[in-house]
Amino acid sequence: MPAFDYSAYNVTGKQVSGIIEADSDRQARRLLKEKKLLPLGVSEISLSEKKLGKGFRQKANRLSIFDLSLLLRQLAILVQSGLPVEEAMKMTIEQAETVKQARIMQSWRSEILEGRSFSDALRRCPYKIPDSVIAGVGVGEESGHLHEILMRMADELETNMENRKTVSRALIYPLTLIATSLVVVTIMMLWVVPKITVVFASSNRELPFITKIIISLSEFTQSYGLYLFLLAVLGLILAKQALKNPQRKMRWHAFLLGLPGFGSWLRMSNIADWSRSLGILLASGVPALAALKISSATMNNLFLRSKMEAVTESMRQGSSLQKALTENEVGSGFLNHMVGSGEASSQLDQMLLRVADYYSLRLKNAVEIFLKIFNPVLIIIMGMVILSIVAAVMLPIMDMNNMI
């Protein structure tokens, strides 16, 4: 049964919106009137989303991993309790916390009611669903262990999201502190220092060296600050446009991997995501080559993704995974050793999950150590900058007081 988005007025005159199931647009309006709602607009979800075209597809790519993992986990619990998938989806829609979650689940349910499989429903969903989830669900439907697969996929999504947040969280505090300090320094240079230097100029006295430096910087900021700001904005825009080219973006990602510290974080995060995704897909019964192709797509770094695609091609030509990883210089000796042990013992999926846990733990520890060292150093540096400005202002004032 199709689903429709609607907006309507209730009996109090308040505008409300939501989703309703009906066989047609006319029936949807009739059902709304039966609920004492005055319809303003009713549109079928699948049709309205197609009309939005490229704009909606870009929005669809922004589907929250949290929303997806939550829906998969709720479905896993309901299916495990014995409910058919369609009934479990209906119950999940009724309990959805947000309209977006209800729309996602309703799009899946509409496809299933039309006779398609769950994996096909995910593939046709207007919101982009990771290929690893689609492949896992397909295997779960065939094997009869759908609830286990759904729970694994939810765990994988949440863990991968946590790995990516580990890196971003490490940068939030330093960047916030730097941005705040720059704003404070800019305000002082543009408004505070110029007003005080007028007093110094009228005294015709020799100024301290640090005061001369600050005054020169203040004059430079007033004269060229706006141009520098516009130049920086233009540079960011041009860089963003340049990175739309896949080759340039790949070179940029390769450069990021070569950065001290940060590059190793990116490598550990990507390899952890790849290992976990591949391990779960293999444990779910997905064929090795298909699992390799899907898990490679989980890597955000295009340079590493190209390396993993080369690994997949080597596997297709008959190479072992350990040999392919070594030849393409992916990962470290630890990864290659664990993969080799897994292939030898026929426990590759378990070894890959251990690799993922290992790299996730290393990443977390590396970030914590960095923050413990870098944050105090950054605070001291920023404090010294602001103290220098204050000293440049106060020293001439104290000198003038001594002359009185």
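What follows draws every value from the coordinates through simple rules; no lab data is involved. Predicted, not measured: the structure shown is a model, and the values here were computed from it. All Cβ positions, even for glycine, are placed from backbone atoms using ideal geometry, and neighbour counts span all protein chains on display.
For this structure, a couple of remarks:
- Cα-projected label distance for GLU94 with GLN27, points at 7 Å along beta-carbon direction, nm: 1.9
- Cα-based shape type of the chain, given that a ≥ b ≥ c are square roots of the gyration tensor eigenvalues and the cut on a/c is 1.5: oblate
- Charged side chains reduced to their Cβ positions (Lys and Arg at +1, Asp and Glu at -1) give the chain a dipole of some 1140 debye around its Cα centre.
- Shape class of the range 68-138 from the Cα gyration tensor (axes a ≥ b ≥ c, square roots of the eigenvalues): rounded, since a/c falls below 1.5.
- Note on the chain: dipole from Cβ charges, positive end direction compared against TRP265, ILE214, VAL16; the farthest Cα belongs to ILE214.
- Exposure proxy ranking for TYR359, TYR224, TYR6, based on other Cβ atoms within 10 angstrom of each Cβ and starting from the fewest, stands as TYR224, TYR6, TYR359.
- Above-threshold pairs, the threshold being 32 Å between Cα atoms, out of LYS195/LYS240; LYS249/LYS293; LYS90/LYS249; LYS195/LYS372: LYS195/LYS240; LYS90/LYS249; LYS195/LYS372
- Gain upon complete extension [ALA232, LYS14; 0.36 nm per residue less C-alpha separation]: 73.9 nm
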